[in-house]
Amino acid sequence: MSADVKMFNPDTLGKPLGQYSQIARVKGAGELVFIAGQIATDKSGNLVGADDFDAQCVQVFANIEAALKAVGGGWKNVAQFTTFLVHSQDIPGWRAFRQRAFARYFPDGAYPPNTLLVIDRLVNEGFLLEVQTVAAL
């Protein structure tokens, strides 16, 4: 069984929902996969892109893609992202990276909901972001 993940255009949701209210409906999911916070580490556990926000974004999304493939899924199965940034000044960089990545991974423009949080720090001071993902298979 394959899940049907449908994203709703926030412009059509009406009040009180709107620009920042994203909804994903998952039908027929045989299972939900929770991919815990991915950080910018390679297969050996080494930090990738110290002080390079874009390099860390690339590595985080490569890790998410590897996790999706490991469970027999792909980007089409992603139902939700939560992103944690350490520095608020990285918000424009995250938005730019997300726009490039989502255009590639979700070519139909139906992007999954993405909550963005700015936090005090991650477990290792070298990590600039962490992304957790929920996928429906």
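Annotations for the structure displayed:
- Between residue 103 and residue 32, residue separation times 0.36 nm minus the direct Cα-Cα distance comes to 23.2 nm.
- Ranked by how many other beta carbons lie within 10 Å on average, peptides 98-107, 125-134 from highest: 125-134, 98-107
- Three-way shape label, segment 32-112, alpha-carbon gyration tensor, a/c 1.5: oblate
Taken together, the values in this text are just the output of simple stated rules run on the coordinates, not laboratory data. All of these numbers come straight from a predicted model, not from anything done at the bench. Virtual Cβ from ideal backbone geometry, glycine too; neighbours counted across all protein chains shown.
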